[in-house]
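Structure record follows, encoded as structure tokens.
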Amino acid sequence: MPTLTKSANKLRSTLPKSGGGTAPQDTGIRLATFPRPEGELRFTWNVYEDKPYLRLQLWSKGDDGSFWPVKGQGFTIKVKELPDLAEGVQKALDMALKESGHTSGGSKPPSRANEGVDAPF
């Protein structure tokens, strides 16, 4: 093995597996958190250059226990798209109730989406 490759492999073995550095802070207001086997899916309200938007992002737990956003595993929703999203979620809820044999009305089980998270509204 060439010397350069040996040196590179030696250095790699000493580097942290989580990418090193400090885990980034999730600066948005967390609206919901959904546990996943590989970490958690976070639904947040964010603002960039005075423009609000929603973000769904998968975060994975690093070797040190800190959470890191998973590259390519998130997306944003513009506020102007929120009414259409709400209608789509309502349709999905109606379909899920129909699948489970329930009709609209009656009592519903409590939401588990915000377990351990204090949403401000």
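Throughout, read-outs are computed from the coordinates displayed, never taken from laboratory work. Since we're looking at a predicted model, the values are computed, not measured. Here Cβ is always computed from backbone atoms with ideal geometry, including for glycine, and neighbour counts include all displayed protein chains.
How much length is gained if the chain between T3 and E81 is pulled fully straight, taking 0.36 nm per residue apart and subtracting their Cα-Cα distance, in nm to one decimal?
So the chain would gain 22.6 nm between T3 and E81.
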Inset, instruction - Return the sequence-ordered ³J(HN,Hα) values of the range 29-39 in whole Hz as given by the Karplus equation 6.51 cos²θ - 1.76 cosθ + 1.60 applied to θ = phi - 60°, using x for Gly and Pro. - result: 7, 6, 9, 7, 9, 10, x, 10, x, 8, x
Inset, instruction - In whole Å, largest first, what are the principal axis extents of the Cα atoms in the range 26-99? - result: 42, 37, 20
Inset, instruction - With a cut-off of at most 12 other beta carbons within 10 Å, and DSSP calling the residue loop, which GluC sites (Glu not before Pro) in the range 1-85 qualify? Please list them. - result: E38, E49
Legend entry - Rounded to whole Hz, the Karplus (6.51, -1.76, 1.60) HN-Hα couplings of the range 96-102, x for glycine and proline: 5, 5, 5, 4, 7, x, 8
Legend entry - Computed label-point distance, nm, for sites S60 and D26 using a 7 Å Cα→Cβ extension: 1.7
Legend entry - For R36, distant residues with modelled amide H under 5 Å away: L41
